[in-house]
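Below: the structure, in structure tokens.
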Amino acid sequence: MARTTTTTTTYICDRCKKQVELVETPTGLSSVGSWIEIVQGSETLDICDECADLYEDFLAERMSMIQQLKIIDAIRETLDNPTAEKESEWMAMEYVEKGFIRSHAGQSYECIQSHVTQPGWEPLYTPALWKTYTPEGVIPEWKQPAGAHDAYAKGAKVTHKGTVWVSTADNNVWEPGVYGWSVQ
């Protein structure tokens, strides 16, 4: 009959000094508690599962802080550079002011609310921050407004079904020919 041998190793958490026992059996490892090894640069930390949870929370807060610092840097860079380009390609982590023009995916957009751009906040997906840009002198094609933020102002001109229309109402969300528009 074969003898079964087990080996017990006790580890001490580098953070809270709690003892964790790892028991090695012929079939593998089992433990009383969990054990995690974290490498930070040239330093290795052996910590228990409770401290690992705290460490993960710390990392999440640290990443949030780093994100906030990047936003502050983006705002400072724009404010410190009064000749910042008002028209350029859209990019994440840039402070843009109302009226700035950015190109993205082949379309130009005008910023309608100052903010710091972020991944996932591309102009196409954030109509509360951007509207399609139309250069002066060009009458845009009518597009159904999504809400008050992009409703047509009184006097706004659009083309619709080959006709130029002028809005006769403020905050106009109606299709030309239905209500609130007159033919130019």
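We did not get these values from a lab; they are worked out from the coordinates using the rules stated. What you see is a predicted model, and the numbers here were worked out from it, not measured in a lab. Note that we place each Cβ from the backbone using ideal geometry, even for glycine, and neighbour counts take in every protein chain shown.
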Open item on the list: In whole Hz and in residue order, list the ³J(HN,Hα) couplings for region 142-150 that follow from phi through the Karplus curve 6.51 cos²θ - 1.76 cosθ + 1.60, θ = phi - 60°; x for Gly and Pro.
Closed with: 4, 9, 4, x, 8, x, 4, 5, 10
- [ ] For GLN68 paired with THR126, estimate the spin-label separation in nm (one decimal), with each label point 7 Å from Cα along the Cα-to-Cβ line.
- [x] 1.9 nm
Open item on the list: Along the Cα→Cβ direction, 7 angstrom out, place labels at LYS154 and ILE139. What is the inter-label distance in nm?
Closed with: 2.1 nm
Task: Inter-label distance, nm, simple model (7 Å from Cα along the C-beta direction), ILE12/ASN171 - done: 7.0 nm
Task: At 0.692 mPa s and 37 °C, Stokes diffusion of region 85-183 via Kirkwood alpha-carbon radius, µm² per second - done: 229 µm²/s
Open item on the list: Can you pull out the GluC sites (Glu not before Pro) in region 76-177 whose DSSP state is coil and whose Cβ has at most 14 other Cβ atoms within 10 Å?
Closed with: GLU85, GLU97, GLU136
Open item on the list: Using a 7 Å offset from Cα along Cα-Cβ at TYR179, what residues in region 150-173 end up with backbone N under 14 Å from the label point?
Closed with: 168-173
